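To start, the structure under review is shown below, and the notes come after it.
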Amino acid sequence: ALHDIGQITLKAVDLSSVGSIELNANAKKGTIRVELLDEEGKRLRRFTAEDAIPISGDSVSQRVTWLSNATLPAQKCLIRVHLNNATVYGVTLTEKH
(Lines give C-alpha, C1' and ligand atoms only; values in the text may rest on other atoms or scores of the structure.)
Protein backbone atom coordinates (compact mmCIF):
# COMPACT_ATOMS: atom_id res chain seq x y z
CA ALA A 1 0.00 0.00 0.00
CA LEU A 2 1.17 3.50 -0.77
CA HIS A 3 0.99 4.66 2.84
CA ASP A 4 3.75 2.18 3.75
CA ILE A 5 6.32 3.98 1.60
CA GLY A 6 8.38 6.91 2.86
CA GLN A 7 11.77 8.51 2.89
CA ILE A 8 13.97 10.31 5.37
CA THR A 9 16.84 12.58 4.39
CA LEU A 10 19.42 13.17 7.10
CA LYS A 11 21.44 16.37 7.34
CA ALA A 12 24.79 16.49 5.56
CA VAL A 13 27.58 14.47 7.17
CA ASP A 14 31.23 14.27 6.22
CA LEU A 15 31.92 10.70 5.15
CA SER A 16 35.71 11.18 4.78
CA SER A 17 36.54 9.06 7.83
CA VAL A 18 33.51 6.76 7.61
CA GLY A 19 34.09 3.13 6.66
CA SER A 20 30.49 1.91 6.74
CA ILE A 21 26.91 2.94 7.36
CA GLU A 22 24.73 0.64 9.44
CA LEU A 23 21.04 0.76 10.23
CA ASN A 24 19.13 -0.40 13.26
CA ALA A 25 16.00 -1.32 11.36
CA ASN A 26 13.10 -3.66 10.92
CA ALA A 27 12.34 -4.51 7.30
CA LYS A 28 11.02 -8.03 7.86
CA LYS A 29 7.94 -7.30 5.77
CA GLY A 30 9.55 -4.85 3.35
CA THR A 31 12.79 -3.28 2.18
CA ILE A 32 15.07 -0.35 2.87
CA ARG A 33 17.34 1.27 0.30
CA VAL A 34 19.83 4.02 1.05
CA GLU A 35 21.20 6.61 -1.34
CA LEU A 36 23.81 9.33 -1.01
CA LEU A 37 23.40 12.85 -2.32
CA ASP A 38 25.84 15.74 -2.49
CA GLU A 39 25.16 18.91 -0.51
CA GLU A 40 23.10 20.34 -3.39
CA GLY A 41 20.87 17.27 -3.21
CA LYS A 42 22.13 15.64 -6.41
CA ARG A 43 22.26 11.86 -6.24
CA LEU A 44 25.76 10.42 -6.39
CA ARG A 45 26.55 7.95 -9.15
CA ARG A 46 26.88 4.36 -7.89
CA PHE A 47 25.20 5.35 -4.59
CA THR A 48 21.60 5.80 -5.78
CA ALA A 49 18.60 3.92 -4.42
CA GLU A 50 18.61 1.85 -7.63
CA ASP A 51 22.23 0.82 -6.93
CA ALA A 52 21.46 -0.03 -3.31
CA ILE A 53 21.28 -3.65 -2.24
CA PRO A 54 17.90 -3.76 -0.45
CA ILE A 55 17.99 -4.38 3.27
CA SER A 56 15.36 -6.74 4.62
CA GLY A 57 15.15 -8.39 8.00
CA ASP A 58 15.21 -7.12 11.57
CA SER A 59 18.58 -6.31 13.10
CA VAL A 60 20.30 -3.60 15.11
CA SER A 61 23.24 -3.46 12.68
CA GLN A 62 22.40 -3.97 9.02
CA ARG A 63 25.16 -2.76 6.76
CA VAL A 64 24.24 -0.46 3.89
CA THR A 65 25.76 -1.67 0.60
CA TRP A 66 25.56 -0.82 -3.08
CA LEU A 67 26.12 -2.91 -6.19
CA SER A 68 29.34 -1.02 -6.99
CA ASN A 69 30.74 -1.97 -3.57
CA ALA A 70 32.72 1.28 -3.88
CA THR A 71 34.25 2.96 -0.85
CA LEU A 72 32.13 5.75 0.56
CA PRO A 73 32.86 9.13 -1.04
CA ALA A 74 35.23 11.32 1.00
CA GLN A 75 32.92 14.34 1.04
CA LYS A 76 29.90 15.79 2.80
CA CYS A 77 26.80 13.84 1.82
CA LEU A 78 23.13 13.72 2.58
CA ILE A 79 21.99 10.22 3.47
CA ARG A 80 18.51 9.44 2.15
CA VAL A 81 16.73 6.36 3.44
CA HIS A 82 13.91 4.91 1.32
CA LEU A 83 11.47 2.86 3.38
CA ASN A 84 9.04 0.36 1.95
CA ASN A 85 6.96 -1.15 4.75
CA ALA A 86 9.92 -0.81 7.11
CA THR A 87 11.09 1.13 10.17
CA VAL A 88 14.51 2.61 10.91
CA TYR A 89 15.39 3.23 14.57
CA GLY A 90 18.94 4.48 14.13
CA VAL A 91 21.79 5.11 11.73
CA THR A 92 25.39 4.40 12.76
CA LEU A 93 28.43 5.71 10.92
CA THR A 94 31.41 3.47 11.67
CA GLU A 95 34.89 4.97 11.32
CA LYS A 96 37.40 3.49 8.91
CA HIS A 97 39.85 1.16 10.61
Share of accessible surface on carbon and sulfur in the stretch 24-92, whole %, 1.4 Å probe and ligands ignored, is 43 percent
Please give the net charge around Leu83, taking every other residue with its beta carbon less than 15 angstrom from that of Leu83, where Lys and Arg add +1 and Asp and Glu add -1.
+1
Would you list, by chain and number, the lysines whose Cα falls below 22 Å from the Cα of Lys11, excluding same-chain residues fewer than 8 positions away?
Lys42, Lys76, Lys96
Note on the chain: contact order normalised by length, alpha-carbon pairs under 8 Å, 6 or more apart, percent, works out to 49 percent
From the backbone phi of the stretch 41-48, what are the Karplus-calculated ³J(HN,Hα) couplings (6.51 cos²θ - 1.76 cosθ + 1.60, θ = phi - 60°) in whole Hz, Gly and Pro given as x?
x, 7, 5, 8, 4, 6, 10, 7
What are the residues whose amide H is under 5 Å from the amide H of Gln75, where those residues sit 5 or more places off or on another chain and H is modelled from the backbone?
Leu15, Ser16
Accessible area expressed per residue, the chain, with surrounding protein chains retained (probe 1.4 Å, Å²)
60 Å²
For Ile53, net neighbour charge (Lys/Arg +1, Asp/Glu -1) across residues whose Cβ lies under 10 Å away:
+1
Probe 1.4 Å, all protein chains in place: accessible area of Val88 in Å², nearest 10?
30 Å²
What number comes out for the charge environment of Leu93, summing +1 per Lys or Arg and -1 per Asp or Glu over other residues with Cβ under 11 Å away?
-2
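The values are calculated or read from the model by the stated rules, or taken from the named source; none is laboratory data. Because the structure is predicted, anything quoted here is derived from the model rather than measured. Positions of Cβ are backbone-derived with ideal geometry, glycine not excepted, and every protein chain shown enters the neighbour counts. To get the accessible areas, we keep the full protein, side chains included, count just its heavy atoms, and leave off ligands, DNA and RNA. Shrake-Rupley method; radii C 1.70, N 1.55, O 1.52, S 1.80 Å.
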